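One structure is given here, and the rest of the page talks about it.
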Amino acid sequence: MTPNARTLWLRAVLLAGLIAGALDISAAILLNPQVSAQVVLQSVAGGWLGRATYAGGWPTAWLGLASHFGVMLVIAAVWTTFAARVGAARRLWPVAGVLWGAVVYAVMTWVVVPLSQATLPPPDTNAIIQGLLVHIVCVGLPMAFITRRVLGR
């Protein structure tokens, strides 16, 4: 990879990860009005801390926010690496973005969360539909669009 290609790759990862991360966590907060933003963020930290996260106040909420963005940057790095190697993912970015959002949702819901210390219940049908839509609109499509804009067709 040339120095210019590395710079473009890094720019795409950072932009995609930070923007998708902000959209995704904003959606989580807005779609859960029955709890505070602090509790939503603490639920992310619950992956590390389990139930103890909810007794930790804002420090565990900040850990959740940092963890969320860390995971999003990894997801963006995986996507950007794939998109850099598979031109069709950039040319057909809307389709690729929908598929990527669905893949991210499935991996997070049925692999990452169950392997963590999180105490979240398994999703019901409505939660699955909502989660898929959020991950497609807030994660997959923005990452695909940003990567295409930064890396080109």
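Laboratory data are not the source of any read-out in this text; all were calculated from the coordinates shown. Keep in mind that this is a model prediction, so the values were computed, not measured. Quick reminder, even Gly has a Cβ in these numbers, built from the backbone with ideal geometry, and neighbours come from all protein chains shown.
Here are the numbers for this structure:
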| read-out | value |
| --- | --- |
| Inter-probe distance in nm under a simple model that places probes 7 Å from Cα toward Cβ, at Ser36 and Ile128 | 3.4 nm |
| Residue-by-residue Karplus 3J(HN,Hα) for the stretch 59-64, coefficients 6.51, -1.76, 1.60, Hz, glycine and proline x | x, 6, 5, 5, 4, x |
| Cα centroid separation - the stretch 1-49 against the stretch 80-124, whole Å | 13 Å |
| Per-peptide average of other Cβ atoms within 10 Å, ordering 57-63, 110-116, 146-152 highest first | 146-152, 57-63, 110-116 |
| Degrees between helix 3-30 axis and first principal axis of the chain (Cα, 0 to 90, nearest 10) | 30 degrees |
| Helix-derived mean residue ellipticity, 222 nm - over the chain, DSSP H n ≥ 4, -39500 (n - 2.57), to 500 | -24500 deg cm²/dmol |
| In degrees, nearest ten, helix 93-107 long axis to first principal axis of the chain (Cα) | 30 degrees |
| Under Karplus coefficients 6.51, -1.76 and 1.60, residue-wise ³J(HN,Hα) of the stretch 128-143 in Hz, glycine/proline x | 5, 4, 4, x, 4, 4, 4, 5, 5, 6, 9, 10, x, 5, x, 4 |
| Charge sum, other residues only, whose C-beta stays under 9 Å from Arg153's C-beta, Lys/Arg counted +1 and Asp/Glu -1 | +3 |
| Positive-pole candidate from Ser116, Ala76, Val86, dipole of the chain, charges at beta carbon | Val86 |
| The chain: relative contact order as a whole-number percent, Cα under 8 Å and 6+ apart | 36 percent |
| Distance in nm between pseudo-label sites at Val74 and Thr7 (7 Å out along the Cβ direction from Cα) | 2.9 nm |
| Cα-centre dipole for the chain with unit charges at Cβ (Lys and Arg positive, Asp and Glu negative), debye to 20 | 700 debye |
